[in-house]
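Take a look at the structure below.
The values are calculated or read from the model by the stated rules, or taken from the named source; none is laboratory data. Source: prediction; values computed, not measured. All Cβ positions, glycine included, derive from the backbone under ideal geometry; neighbour counts span all protein chains shown.
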Amino acid sequence: MTGRLEGKVVIITGATSGIGEATAQCFAAQGAKLVLAGRTVEKGTALASQLGEGAVFQRADVSREADIQALIEFAVARFGRLDCLFNNAGASVVASLDTVTEQDLAAGMQLLVGNVLFGIKHAARVMKAQAWHQGSSGSIINNASIAAHRFGQGGIVYSAAKAAVAHLTHLTAVELGPHNIRVNAISPGAIATPIFWGGSARANTLSAADNERKLAKLEQNLAKATPMPRSGYASDIANAALFLASDEASFINGHDLVVDGGRIWQFHERAAG
């Protein structure tokens with residue numbers, strides 16, 4: 001049976017844990033050829049090996065435009081084209097209004113917004129060229145957050161950056177639509193991943209047992225924070241990304257798909273009350 005992404009070439013940033021890892025596994029099962037990007041070489045190469053010959057790891061620091069450009073050039077050199085870019089990489093920026101610094105702002109915006117902006121810039125150049133030879137030019141998916149839409153879902157810099165990602169999605173969707181390039185976002189909420197205890201960098205310092213205990217406790221807590229009686233899982237975001245990457249979403253452009261079990265509305269009602 002042919003997979004929904006059979007033969008499509010996909011780059012996933014932040015692919016070594018959480019949502020990125022789950023998406024890599026999902027896309028591989030659907031026949032995609034994958035370039036997995038991240039900073040943890042050992043985990044990245046192990047995941048690529050696990051996923052088979054159609055997956056390869058490329059180390060990249062997506063807070064640097066040069067690394068993003070090199071990543072996209074690597075994918076094209078390796079597989080000959082680029083069908084989808086999932087701008088997934090990110091990290092929590094913990095800073096309150098009282099404590100935020102210039103360094104917090106610069107680092108947060110460079111990572112959370114810069115990686116999306118420059119990913120779109122360099123992917124679009126490749127995808128525009130493909131438009132003259134292929135029926136579909138490509139799909140770009142950006143990882144936003146419900147923090148972009150509601151107060152209290154993240155720190156001030158993180159929330160502002162994710163709001164910028166959501167709006168950047170809308171702007172570039174309009175600009176790139178005439179080239180048959182679709183740009184959409186996913187806004188996760190209440191998803192149990194290591195970002196809650198410091199991201200993959202922190203998770204890499206802990207034992208597998210410690211990470212499993214933290215994840216189990218987090219899932220219990222998040223299950224109480226949504227109208228649905230469970231937490232969200234990385235696989236929920238992976239499935240949403242699969243739909244947006246596939247030909248089934250060929251007329252969806254400029255959309256921000258909220259995947260949070262209804263938390264965004266529950267929080268809004270409580271705040272209003």
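Need at least 3 residues that are modelled with pLDDT under 85 per element, so show me which helices (runs of 4 or more DSSP H) inside the stretch 181-258 make the cut, counting only ones lying wholly within it. Spell out how you get there, then give the answer.
Details: elements: 199-203, 208-223, 234-245.
Correct list: 199-203, 208-223.
From the residues in the stretch 88-109 that are more than 16 Å from the chain's Cα centre (by Cα) and part of a helix (DSSP H, G or I), which one is surrounded by the fewest Cβ atoms within 10 Å (Cβ to Cβ)?
GLU102
Can you tell me which residues in the stretch 71-82 are more than 22 Å from ALA238 (Cβ to Cβ) and part of a loop (DSSP other than H, G, I, E, B)?
GLY80, ARG81
Taking ILE68 as meeting all but one of (1) touching a Phe, Trp or Tyr at 6+ places or on another chain (Cβ under 7 Å); (2) among the hydrophobic types (A, V, I, L, M, F, W, C); (3) within 25 Å of GLY189 (Cβ to Cβ); (4) not in a strand (DSSP E or B), write down the number of the exception.
(3)
Give the residue, chosen from LEU85, LEU112, that is modelled with pLDDT of 95 or more and in a helix (DSSP H, G or I).
The match here is LEU112.
Just for the stretch 23-37: of the residues that are within 19 Å of ALA60 (Cα to Cα) and either free of Cβ contacts under 8 Å to residues at least 60 places away in the same chain or among the small types (Gly, Ala, Ser) (or both), which one is surrounded by the fewest Cβ atoms within 10 Å (Cβ to Cβ)?
LYS33
When you scan the stretch 92-100, do you find a residue that is under 28 Å from PHE243 (Cβ atoms), in contact with a strand residue (DSSP E or B) (Cβ under 7 Å, 6 or more places away or on another chain) and small (Gly, Ala, Ser), even just one?
So far as the stretch 92-100 goes, no, none of its residues is under 28 Å from PHE243 (Cβ atoms), in contact with a strand residue (DSSP E or B) (Cβ under 7 Å, 6 or more places away or on another chain) and small (Gly, Ala, Ser).
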